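Each remark here refers to the structure printed beneath this line.
The values are calculated or read from the model by the stated rules, or taken from the named source; none is laboratory data. As the structure is a computational prediction, the values presented were derived from the model and not from experiment. Cβ sites come from the backbone with ideal geometry, for glycine too, and all protein chains shown count toward neighbours. SASA here: full protein model, heavy atoms, side chains in, ligands and nucleic acids out. Shrake-Rupley method; radii C 1.70, N 1.55, O 1.52, S 1.80 Å.
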Amino acid sequence: MRILNKDDLVNHGNVSGRKVVAELLDAGLDAIDPYLRVKEFLSLSGDVLHINNVGFEMKGDPHSGAMDVSLNDYDRIFVIGAAKGVQQAGKAFEEVLGDKLTGGHLIAKHGEKIICEKIGVTLAGHPVPDEDCVKGCKEIEKIIDGLTERDLVFTITGSGVGSLMTYPAGDITIKDVSEFTRLMQIEKGVQTSELNPIRTHIDRFKGGRISRLMKKATVIHLTTADPSKKDTPVERYGYFEFLEKNTFLPTLASGSTYQDCIDVIKRHDAWDRTPESIKKHLLSGTEDNENVSVEEFESFRQRFFGLIYKDATIYPAVKKRAKELG
């Protein structure tokens, strides 16, 4: 039950109608709970981990299908990632995998209560990144550095990851990134969709770079956000179209370029006030240090699933509950 004041909402007026609406809202909210969705996505039977694809994969996924993963093929299992509320998914992983889970690390937002026990958690800055974001990324880096072909890794990203998973590249400091974020998003009012391509190009992890670092391992990416929507909740991006356009999820391929970033900054008349380290990094960008392309991403032993596609969760769940209520 998600609506904590349900009794207050349904005890007056059209009581029967209010009760129906409250039940439908609860059903819809349950359907987009990352904790419950992970429980639907994963199930463990002995040493076989079953990964459900129905309602979790994108249209046109060339790797379409459920997966039965023999844990005998792996020595360790890790869960890493960053997002607001990411611990809800992390907690479900802890419960499903139990002793099979080696550990991991998640970056959540300052103010959240730490609920994970086996997976480490760093609370960090959002919407403006801070030093704790870097600390969290360094904890994830420790795990990545030791990965082998005998490791299975799950990543979880979602809303807030653009700030929370901040690990500045080159000579860029976290202070530079924080100042730049304030300039662009708070002072200039730049939309996140325009800021994200720049974030992917000034970071050690974003733009798929983190997945490039993990290519020895078997990696399964999850997102707690809905990356599929276009103009309506039921109109989906296709798999390859999304990867090409992606700037939101740092673990996946991204089709933007260094020049795109420079163009965005200049379009918002912010180039002269952009920290010198960021300008230098963008101007020195080449094809050799570009984001991970779709072709490169497809060469990795990695899959991508969405925990919450709204047309595969909210609408069917509400419709089912409505039928149950007559």
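Judged by the mean number of other Cβ atoms found within 10 Å, the most tightly packed of the peptides 22-32, 80-90, 38-48, 246-256 leads the ranking 80-90, 246-256, 22-32, 38-48. To the nearest 20 debye, what is the magnitude of the charge dipole of the chain about its Cα centre, counting +1 on the Cβ of each Lys and Arg and -1 on the Cβ of each Asp and Glu? So the magnitude is around 680 debye. Take ARG76: with every protein chain present and a 1.4 Å probe, its accessible area is about 80 Å². Among DSSP bridges having both ends in the chain, what percentage is antiparallel? Round to the nearest 5. DSSP beta bridges in the chain are roughly 25 percent antiparallel.
With 32 Å as the limit, the listed pairs LYS206/LYS310; LYS216/LYS245; LYS100/LYS216; LYS59/LYS91; LYS19/LYS245; LYS84/LYS216 have LYS19/LYS245 beyond it between alpha carbons.
Label-to-label distance for SER299 and GLU112 is 3.4 nm, based on points extended 7 Å past Cα in the beta-carbon direction.
Accessible area of VAL15 (1.4 Å probe, protein heavy atoms only, ligands and nucleic acids ignored): about 50 Å².
Computed from backbone phi with θ = phi - 60° and the Karplus coefficients 6.51, -1.76 and 1.60, the 3J(HN,Hα) list for segment 166-171 is 10, 9, x, 8, x, 8 Hz; x is used for glycine and proline. Within the shell of other residues whose beta carbon sits under 14 angstrom from the beta carbon of ASP68, the net charge comes to -1, with Lys and Arg scored +1 and Asp and Glu -1.
Summarising the label geometry, the points placed 7 Å from Cα in the beta-carbon direction at GLU40 and GLN259 lie 4.4 nm from one another. The string of couplings for segment 24-41 from the Karplus curve (6.51, -1.76, 1.60, θ = phi - 60°) is 5, 5, 4, 4, x, 5, 4, 5, 10, 7, x, 4, 5, 5, 4, 5, 7, 6 Hz, one whole number per residue in order, with x for Gly and Pro. Per residue, the convex hull around the alpha carbon atoms of the chain comes to 152 Å³. Which values of log₁₀ I(q)/I(0), to two decimal places, follow from the Debye formula for segment 1-153 at q = 0.17, 0.20 Å⁻¹ with a uniform point scatterer at every Cα? Those come out to -1.08, -1.26, one per q.
Projecting the Cα atoms of VAL38, VAL219, SER163 onto the dipole axis of the chain, where Lys and Arg carry +1 and Asp and Glu carry -1 at the beta carbon, places VAL38 farthest toward the positive end.
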